[in-house]
Amino acid sequence: MVNRWNQFWNKYGLFGTILIGFSILSIGIGGYAAIQFLIKISPLFHIAQGGEPIDLTATGTTGDFIGGVTGSLWSLAGVLLFVLALRMQSKELSLQIEEMRETKEVFQLQQFEITFFNLLKVQQDIRQELYDQDRRKPFFKFRVSALHNCYNTLEQGVSMNIANMGTSAGKEVAKRRQTGMQVSPKDIAVAAYAEIFQQHHDQLGHYFRHLFNILNFIEQKEAEELSSTAPSEEQSAQIQSKYKRYANLIQAQMTTSELKLLFYNALCFGKMKRLMHKYDFLENLSLEDLLKPDHGSFYAGTFDQSGEQLPPIHFKKRGDIFFSSLSGN
């Protein structure tokens, strides 16, 4: 009995229960009034007997009472039940719309994940092609070694042949170093990476362009979801956290050498650097992994070209990263 009442209450709610109650009450009152009226007037009214014609005055009085009182109460019950039916239809329509919206969201998420994992698979294939070119020399590891050598050469500023520099940035840094002029560590790092990129632009350009497009695809889907749902601050944080997990999946498949080259690649390309800040993409690089530990300051909080504030990336020492992972922080 209790279960039935709970089912009834869940279906109709307070307002629906009140409408049903008033409808039943109106029908009962109308029926009771009609019965009592007929009982009371039956001894007083003589409608017809034998072959006599029907007394229209008596029948008219009876019809007027039943139509005026009982009929009105039953009409009221009908109106109340009609309102209840409209309310139930509206509720069912709302549920159908909500189900359609949820189904659409699930479909869109499935489409996004299919595209995302296909892009991720292509990124893995690009990386594998780079390794397959010479199995004895891992591509990214040797490019990092070359980057170190080039940086050290530019930083020391000795025995440099300007003509050997392949980029304008490299030539400018080499020229300034030879003349004893001061050059910022960031300019030296950018020039060193530009030299490596110039020598292997086909491979590095293809690899990092595709990586940028995956991250850009994630950001676009995140922006679409934020703009279409008008979420609260808490919901916005949940949406941003959801898409950051996809960025983390990309990062998890990259080696330290790849992340290290990406660190210096993004210094040369503002759009990529903005995404590094947005998704904290380089968080697992340690200070020891950089060309110089103080290079971590290159990713301090700043503003991009559009005026958007970029959150800083906090680089830690290798030991701190290890112990923070053990503590769950």
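Every number in this text was worked out from the coordinates using simple rules, so none of it is lab data. Please read all numbers here as calculations on a predicted model, not as lab measurements. A quick note on method: Cβ atoms are made from the backbone with ideal geometry, for glycine too, and the neighbour counts reach across all protein chains shown.
Multiply the residue gap between GLU113 and GLN199 by 0.36 nm, knock off their C-alpha separation, and tell me the result in nm, one decimal place.
Once the chain is fully extended between GLU113 and GLN199, it gains 27.4 nm.
Would you please put 98-108, 184-194 in order of how densely packed they are, using the mean number of other Cβ atoms within 10 angstrom per residue and starting with the highest?
Top to bottom by mean Cβ count within 10 Å: 184-194, 98-108.
Within the range 230-310, which chymotrypsin sites (Phe, Trp or Tyr not before Pro) sit in a loop by DSSP and count at most 15 neighbouring Cβ atoms inside 10 Å?
Sites meeting the loop and neighbour criteria: PHE269.
Which order results if LYS137, LYS91 are arranged by neighbouring Cβ count within 10 Å, fewest first?
LYS137, LYS91
What does the charge dipole of the range 210-297 about its Cα centre add up to, to the nearest 20 debye, if the Cβ of each Lys and Arg holds +1 and the Cβ of each Asp and Glu holds -1?
240
Stretched out fully, how many nm does the piece from LYS175 to ALA146 gain, at 0.36 nm a residue minus the Cα gap?
Full extension of this stretch gives 8.4 nm more.
Spin-label point model (7 Å from Cα, Cβ direction): what's the LEU93 to TYR32 distance in nm?
It works out to 3.7 nm between the two label points.
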